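Below you'll find the structure, written out as structure tokens, and then a few comments.
The values are calculated or read from the model by the stated rules, or taken from the named source; none is laboratory data. Please read all numbers here as calculations on a predicted model, not as lab measurements. A quick note on method: Cβ atoms are made from the backbone with ideal geometry, for glycine too, and the neighbour counts reach across all protein chains shown.
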Amino acid sequence: MSDSIAITSGKGGVGKTTFAVNLSIAQKKLTDKIFLLDTDMGMANSHVLLGINPKYSISDIISGEKKISEIIETSKNGISLISGGTASNNLLNLENIKRYSILNEIDNHLKGYKNVRLMVDIAAGAEDNALVFSMACDRILIVIVGEPTSFVDSYALIKALYSKSTFKNYCIAVNQVDNDSHGNELFKKFQSITSQFLDVNLHYVGCVKTSGKIRKSIVDRTPIMISEPKSDISQSFLKIAKKINETPSNEWGGLTFLSKVKKRA
């Protein structure tokens with residue numbers, strides 16, 4: 001099974017990249033090959049959490065100086081990272097032709113793999129880059145927290161995605177909760193708000209509790225899925241990964257990350 005998963009959020013500061021990195025490691029337990037593409041080009045930091053110092057990034061692909069195969073960095077845990085680099089105007093304001101060239105480059109590279117999953121760390125919000133890269137994925141995970149601004153911005157993100165792509169299925173994970181009941185309660189509140197105005201299907205895939213261990217893992221540059229694989233937090237990420245894989249995928253006529261892989265299959 002080969003597919004792609006976008007990890008995004010309506011606003012920054014909700015733990016989106018922590019989810020992207022730890023879910024990538026969780027998915028590695030379920031899939032042969034995992035690529036993590038960091039398209040959060042203004043604040044790309046997946047490499048920090050993975051403890052990698054990449055020499056090259058997507059900017060080298062856009063400039064034509066490097067090929068995808070030349071910029072991939074593999075972490076100790078087997079995750080193949082394609083870094084988004086650091087803040088740069090030519091990356092933050094990409095023209096569509098450059099966005100599509102990135103999609104095509106990655107699509108061509110991944111066709112060499114049979115059982116591959118591409119995890120895509122998407123910039124928070126509903127800017128053009130975020131929407132294009134999200135819509136290129138089969139599934140979209142939106143990370144929310146129990147704050148009004150998170151609800152409002154996540155609703156706006158789903159509305160923007162739906163209006164541009166007619167995607168109907170969205171995975172929702174709740175971060176920084178007290179317990180499982182708290183996570184379920186926050187999801188239901190968000191679902192009730194969204195369903196009033198949008199004809200979409202929100203799939204609750206789980207929650208992650210507030211924990212100092214997460215903060216420590218960020219400081220240590222060692223994902224908690226690696227440092228404490230049997231902890232409650234790590235088990236939550238693994239459960240979320242499995243549930244995401246069980247949700248319906250979205251389909252549309254635009255360019256996607258794994259189109260050539262699917263056509264070949």
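Taking only region 28-78 into account, find how many residues are basic (Lys, Arg) and within 21 Å of residue 122 (Cβ to Cβ).
2
Pairs, please: C-beta under 6 Å, at least 6 apart or cross-chain, first residue over 18 Å from residue 116 (Cβ atoms) and in region 61-79, second surrounded by fewer than 20 Cβ atoms within 10 Å (Cβ to Cβ)?
61/105; 62/98; 66/56; 66/60
Here are 162, 170: which of them is within 28 Å of residue 215 (Cβ to Cβ), touching a residue at least 12 places away in the same chain (Cβ under 8 Å) and either in a helix (DSSP H, G or I) or among the aromatic types (Phe, Trp, Tyr) (or both)? Don't jump to the end; show me each part of the working.
On the way: 162 fails: within 28 Å of residue 215 (Cβ to Cβ).
That would be 170, the only listed residue that is within 28 Å of residue 215 (Cβ to Cβ), touching a residue at least 12 places away in the same chain (Cβ under 8 Å) and either in a helix (DSSP H, G or I) or among the aromatic types (Phe, Trp, Tyr) (or both).
Going through 87, 123 one at a time, which residue ends up being at pLDDT 90 or above, more than 15 Å from residue 22 (Cα to Cα), out of contact with any strand residue (DSSP E or B) (no Cβ under 6 Å at 6 or more places or on another chain) and of a type in the set (Gly, Ala, Ser)?
Every option except 123 fails the conditions.
For region 89-116, which residues satisfy the criterion of being within 20 Å of residue 244 (Cα to Cα) and either of a type in the set (Ser, Thr, Tyr) or touching an Asp or Glu at 6+ places or on another chain (Cβ under 6 Å) (or both)?
115
How many residues are farther than 19 Å from residue 24 by Cβ and not polar (S, T, N, Q) if we restrict to region 113-129?
4
Between 103, 81, which is hydrophobic (A, V, I, L, M, F, W, C) and within 29 Å of residue 236 (Cα to Cα)?
Details: 103 fails: within 29 Å of residue 236 (Cα to Cα).
Step by step, each of 103, 81 is checked, and only 81 is hydrophobic (A, V, I, L, M, F, W, C) and within 29 Å of residue 236 (Cα to Cα).
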